Amino acid sequence: HSYDAPKEVAPPVAAKALPVEVGEPTDRMLVGILPDGGRAWFFKVVGPIAAIAENEKSINDFLTSVRLAPQQAKPEWKLPEGWSEQPGNAMRAATVVIPTKEKPLELTVTTLPWTGAAPDLLSNVNRWRGQLQLGPAAPDSLGDTVRELAAGDVKMTIVDLRGQFKAGGMTPPFAGGAGPFSGG
């Protein structure tokens, strides 16, 4: 008698996860944080470094145009020429579309609870740094990436980061994120 016996196959060897080597920054993130009582409005745009640089003046003009509107559901702002606004959804108050030579940039507008305390800012900056595949910042190193901008009578904090953007949703603290549930 003869028969075919199955050939033994060695089990696959699990590949070891190697540390990710992040090269030169390719993307830039600008975030404006506008305090509004016990919450803050977050204005966030991420895109290729060149696209953000080409539109930086218009982005800053937009951010300085933002005004808190106590009787309105969201702040008021003035869109630069050629920009458009899309309605909000469950997560966003609005999406502002910025035309560029390549793919349009999206500036998202969200609002979340905010104490204004240094740990709130640090946890947000570190979450955004993670989205750009950067390591966490120490509390005393925020001066390199944070500045203030006047938005009417209110000071808006601007966070400016460069890295390699890795898309992913917001990470609330109960899912492994740092600090209070924070802006987009």
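Heavy-atom accessible area for residue 134, with the other protein chains in place and a 1.4 Å probe, reaches approximately 50 Å².
Taking region 80-131, which trypsin sites (Lys or Arg not before Pro) meet the DSSP loop condition and have no more than 15 other C-beta atoms within 10 Å? Numbers along the way, then the final one.
Working: sites: 92, 101, 127, 129; in loops: 92, 101.
Answer by residue number: 101.
Amide hydrogen proximity for residue 151: with H placed 1.01 Å from N in the peptide plane, the residues at 5 or more positions away or on another chain lying under 5 Å are 156. Taking all protein chains together and rolling a 1.4 Å probe, residue 106 ends up with roughly 90 Å² accessible.
Expressed as a fraction of 2.2 N^0.38 Å, the rule-of-thumb size for a compact globular protein of N residues, what is the C-alpha radius of gyration of region 19-80? Display every interim value, and only then the final one.
Values: Rg = 14.9 Å, N = 62, 2.2 N^0.38 = 10.6 Å.
Compared with the compact-globule rule of thumb, region 19-80 sits at 1.41.
Length gained on full extension, residue 86 to residue 160: 24.2 nm, using 0.36 nm per residue less the C-alpha separation. Counted residue by residue at 0.36 nm each, then reduced by the alpha carbon distance between them, the extension gain from residue 65 to residue 138 reaches 23.2 nm. Maximal additional length on extending the residue 101-residue 167 stretch stands at 21.6 nm, based on 0.36 nm per residue less the C-alpha distance.
Note on exposure: 29, 91 ranked by accessible area (1.4 Å probe, complete protein assembly) read 91, 29, with the most exposed listed first.
Let me know the whole percent of all Cα-Cα pairs from region 30-123 that are separated by more than 23 Å. Spell out each step's value before the answer.
Details: 1093 of 4371 pairs.
Within region 30-123, distances greater than 23 Å cover 25 percent of Cα pairs.
Dipole size of region 60-170 about its Cα centre, with +1 on Lys/Arg Cβ and -1 on Asp/Glu Cβ: approximately 280 debye, rounded to the nearest 20.
Other residues lying with their Cβ under 14 Å from the Cβ of residue 92 contribute a combined charge of 0, Lys and Arg counting +1, Asp and Glu -1.
The values are calculated or read from the model by the stated rules, or taken from the named source; none is laboratory data. The structure displayed is predicted, hence computed values, not measured ones. Methodologically, a virtual Cβ is constructed for each residue, glycine included, from the backbone with ideal geometry; neighbour enumeration extends over all protein chains shown. For the accessible areas, the whole protein counts, side chains as well, though only heavy atoms, and no ligand, DNA or RNA atoms are used. Shrake-Rupley method; radii C 1.70, N 1.55, O 1.52, S 1.80 Å.
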